[in-house]
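Worksheet: the structure to be examined is printed underneath.
The values are calculated or read from the model by the stated rules, or taken from the named source; none is laboratory data. Here the structure is a predicted model, which is why all the values come from computation and not from measurement. Cβ: placed from backbone, ideal geometry, glycine included. Neighbour counts: every protein chain shown.
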């Protein structure tokens with residue numbers, strides 16, 4: 001058994017962070033071969049690559065089901081547990097719901113001190129508690145790579161579901177957390193990030209999207225998704241294609257974590273960013289934006305913010321309410337929705 005002090009969780013993984021190994025395009029092709037399930041109460045399934053499944057229970061209640069887990073993105077086990085749990089809980093918020101029941105998903109090497117796993121589970125439980133949900137067990141297996149996450153069940157009114165495929169021309173886009181998580185984490189692993197940058201990226205990843213959702217639920221939300229492993233690039237393309245529109249991103253208005261720009265200019269880009277660019281490059285008009293901005297746009301996020309598509313008037317009200325809510329992270333209006341053009345997304 002390995003003593004705690006000798007373990008660096010991030011060095012025990014073959015891949016870094018929650019950057020997707022399988023791009024959304026590849027995954028869609030795989031899912032096409034699955035049987036087609038028909039049920040009038042299935043309000044949201046796999047068709048639009050949404051954040052979870054929604055099943056209507058009755059006229060007042062719909063059940064949201066989601067799960068997410070990944071390898072460590074930080075070395076501190078308690079913090080990793082918090083990040084993984086916040087990331088999984090985010091899918092419920094992204095669909096307009098309230099998380100209620102969570103189950104642990106664990107893969108753990110037999111040769112590593114189980115006390116570290118205990119700290120991971122404690123961190124995860126702290127975020128479930130903060131969300132107002134209950135942790136009711138889980139499942140574990142032996143694996144050479146440590147992995148942790150949650151399966152989460154939540155509830156939402158059937159008429160108040162946030163979907164990722166109903167953005168409308170004239171809408172504005174609000175992003176509720178700053179970008180750059182993958183880039184900063186890459187620098188942290190290389191011991192090239194400042195303490196200030198480390199503290200910010202941890203705050204971004206461990207913050208729940210609870211406040212943002214609680215603000216948004218009081219308004220008409222046309223589309224919503226959370227920004228995770230596919231980056232702003234992949235998720236904005238998904239929203240645009242699902243809605244049959246084009247999304248314009250205002251580069252100068254993007255909230256970006258401290259040092260992410262300087263680190264991107266140095267070339268500290270995670271592998272997942274290149275995969276995300278490969279998937280989106282034919283669907284995005286990058287214009288004359290600089291290379292480091294393109295890298296940040298494609299950067300895979302861990303426990304990123306919500307991307308909301310709302311009317312201009314609603315957007316202004318939501319921005320005011322987010323300020324009053326004393327958000328833990330930066331947020332901004334980052335773009336607008338226009339009629340369908342040749343490219344799904346344009347950077348301006």
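At-a-glance table
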item: Enumeration of residues in region 188-205 that are under 25 Å from residue 130 (Cβ atoms) and surrounded by fewer than 24 Cβ atoms within 10 Å (Cβ to Cβ); result: 188, 195, 196, 197, 198, 199, 200, 202, 203
item: Residue match in region 90-108 (condition: in a helix (DSSP H, G or I) and surrounded by fewer than 16 Cβ atoms within 10 Å (Cβ to Cβ)); result: no
item: Options 320, 282, 290: the member that is closer than 23 Å to residue 184 by Cα, surrounded by fewer than 18 Cβ atoms within 10 Å (Cβ to Cβ) and without any contact (Cβ under 8 Å) to a residue 24 or more places away in the chain; result: 290
item: Residues satisfying the stated conditions in region 125-182, i.e. part of a strand (DSSP E or B) and under 26 Å from residue 298 (Cα atoms); result: 147, 148, 149, 150, 172, 173, 174, 175, 179
item: Verdict on residue 287 being outside any helix (DSSP H, G or I) and either closer than 30 Å to residue 72 by Cβ or in contact with a helix residue (DSSP H, G or I) (Cβ under 7 Å, 6 or more places away or on another chain) (or both); result: no
item: Residue 346 being closer than 23 Å to residue 221 by Cα, touching a strand residue (DSSP E or B) at 6+ places or on another chain (Cβ under 6 Å) and in a loop (DSSP other than H, G, I, E, B); result: no
item: Qualifying residue in region 165-177 (condition: at pLDDT below 95 and either assigned by TED's automatic domain parsing to the domain that holds residue 281 or in contact with a helix residue (DSSP H, G or I) (Cβ under 6 Å, 6 or more places away or on another chain) (or both)); result: yes
